[in-house]
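K.L.:
The structure under discussion is supplied below as structure tokens; questions concerning it will follow.
The values are calculated or read from the model by the stated rules, or taken from the named source; none is laboratory data. Keep in mind that what you see is a predicted model, and the values were worked out from it rather than measured. A quick note on method: Cβ atoms are made from the backbone with ideal geometry, for glycine too, and the neighbour counts reach across all protein chains shown.
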Amino acid sequence: MSEAIIQTRQLSKEYVRDEFRVMALDEVDIDIEKGDFVALMGPSGSGKSTLLHLIAAMDRATSGSISVLGANLRTFTDREIAHWRNEHIGFIFQSFNLIPVLTALENVELPLKLTNLSKKERLEHSATALKLVGLDDRMGHMPKQLSGGQEQRVAIARAIVTDPDLILADEPTGNLDATSAEDVLTMLTRLNREFGKTVVMVTHDPHAAKFARTIRHLEKGKLLPPGRLPADWAGAIALRT
Ligand SMILES: Nc1ncnc2c1ncn2[C@@H]1O[C@H](COP(=O)(O)OP(=O)(O)O)[C@@H](O)[C@H]1O
Ligand SMILES: [Mg+2]
């Protein structure tokens, strides 16, 4: 575990809206190693989602450098980025983001439609991914016929169906009850340990963060040094013991 799969240097993102400027990310240097499971923590508005979106190439930086899986994201065209993301990144959202008019199987199949696989192969891969998250008996269900926990498991299947190296999750347990949250965290852990996926998970839940190998904190757009916890952070003591 010594190869940096994600590396940023002085990475900044400034949002400008009317006359207001927000430094959402302020000169962030981070190295994330292949095979790591990183929890990205910090208060609301500290830039966690912004950093995750930059890593996923869902947004562009204002300045600095960002390299993900050896690719210099700032040099990509929008078209190149869409293909690169589809191939290499699995993204899991807090609110699942399933397409309501598609079945579980069709939702999982979506990322494969951008590949050269045949329909038969696409359905086989999608069924395998759904089986992996324990939902092989729900393939024909529509999202509204599923519980929140099941919806998020479909979203995880969709995130892994292309066999990406990197899984990014933004508050994946934020909308779930405790039991479903535990299932999702166990699944992410399994993807990391058994399947060797590198996982970066944004969370503000100290319990969720305990599943990670590495915990990093953002505060007002700045990344705190490794191992440093915010002085006023109540969860800090619980995590150290
Ligand atoms: N699209 C946007 N336009 C303007 N400001 C934004 C936008 N997205 C995020 N911000 C601002 O950037 C800061 C960081 O946001 P975000 O990364 O979403 O924080 P977090 O995920 O830690 O809650 C916040 O002040 C937020 O209001
Ligand atoms: Mg956020």
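K.L.:
Within the bounds of the stretch 213-222, is there any residue that is surrounded by 14 or more Cβ atoms within 10 Å (Cβ to Cβ) and out of contact with any strand residue (DSSP E or B) (no Cβ under 8 Å at 6 or more places or on another chain)?
P.N.:
yes
K.L.:
Turning to a different aspect of this structure: Taking the stretch 159-179, which residues are closer than 19 Å to residue 91 by Cβ and either over 12 Å from the mean Cα position of the chain (by Cα) or part of a loop (DSSP other than H, G, I, E, B) (or both)?
P.N.:
161, 162, 163, 164, 165, 171, 172, 173, 174, 175, 176
K.L.:
Which of the residues belonging to the stretch 173-218 are of a type in the set (D, E, K, R) and within 16 Å of residue 52 (Cβ to Cβ)? It would help to see each step written out before you state the result.
P.N.:
Step one: of the stretch 173-218, the residues of a type in the set (D, E, K, R) are 177, 182-183, 190, 193-194, 197, 205, 210, 213, 216.
Correct list: 197, 205, 216.
K.L.:
Something else: Does the stretch 4-18 hold any residues that are buried (at least 16 other Cβ atoms within 10 Å of the Cβ) and within 18 Å of residue 221 (Cβ to Cβ), and which are they?
P.N.:
6, 8, 11, 12, 13 - these are the residues of the stretch 4-18 that are buried (at least 16 other Cβ atoms within 10 Å of the Cβ) and within 18 Å of residue 221 (Cβ to Cβ).
Let's see how each residue does on (1) modelled with pLDDT under 95; (2) over 15 Å from residue 9 (Cα atoms); (3) within 12 Å of ligand 1 (Cβ to nearest atom); (4) not charged (D, E, K, R):
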| residue | (1), (2), (3), (4) |
| --- | --- |
| 27 | no, no, no, no |
| 37 | no, yes, no, yes |
| 41 | no, yes, yes, yes |
| 62 | no, no, yes, yes |
| 66 | no, no, no, yes |
| 74 | yes, no, no, no |
| 78 | yes, yes, no, no |
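K.L.:
I'm checking my understanding of the structure. Among residues of the stretch 1-18 that are of a type outside the set (A, V, I, L, M) and at pLDDT 90 or above, which one is nearest to residue 58 (Cα to Cα)?
P.N.:
So the first thing to find is which residues in the stretch 1-18 are of a type outside the set (A, V, I, L, M), and the list is 2-3, 7-10, 12-15, 17-18.
Pick out the ones that are also at pLDDT 90 or above and you get 7-10, 12-15.
On the way: 7: 16, 8: 15, 9: 18, 10: 19, 12: 15, 13: 13, 14: 15, 15: 15 Å.
So the residue we want is 13.
K.L.:
Now for a separate question. From the list 110, 117, which residue is part of a loop (DSSP other than H, G, I, E, B) and modelled with pLDDT of 95 or more? Even if it seems obvious, please write down each step before you answer.
P.N.:
Details: 110 fails: part of a loop (DSSP other than H, G, I, E, B).
Just one listed residue meets the conditions, 117.
Yes/no per residue for (1) within 16 Å of ligand 2 (Cβ to nearest atom); (2) in a loop (DSSP other than H, G, I, E, B):
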residue	(1), (2)
9	no, no
14	no, no
22	yes, no
35	no, yes
40	yes, no
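K.L.:
Also: Considering 211, 195, which residue is aromatic (Phe, Trp, Tyr), within 15 Å of the chain's Cα centre (by Cα) and assigned to a loop (DSSP other than H, G, I, E, B)? Can you show your working first?
P.N.:
Working: 195 fails: within 15 Å of the chain's Cα centre (by Cα).
Step by step, each of 211, 195 is checked, and only 211 is aromatic (Phe, Trp, Tyr), within 15 Å of the chain's Cα centre (by Cα) and assigned to a loop (DSSP other than H, G, I, E, B).
K.L.:
Go through the stretch 56-81 and give me each residue that's hydrophobic (A, V, I, L, M, F, W, C) and touching a residue at least 24 places away in the same chain (Cβ under 8 Å).
P.N.:
Within the stretch 56-81, the subset hydrophobic (A, V, I, L, M, F, W, C) is 56-58, 61, 66, 68-69, 71, 73, 76, 81.
Result: 56, 57, 58, 61, 66, 68, 69, 81.
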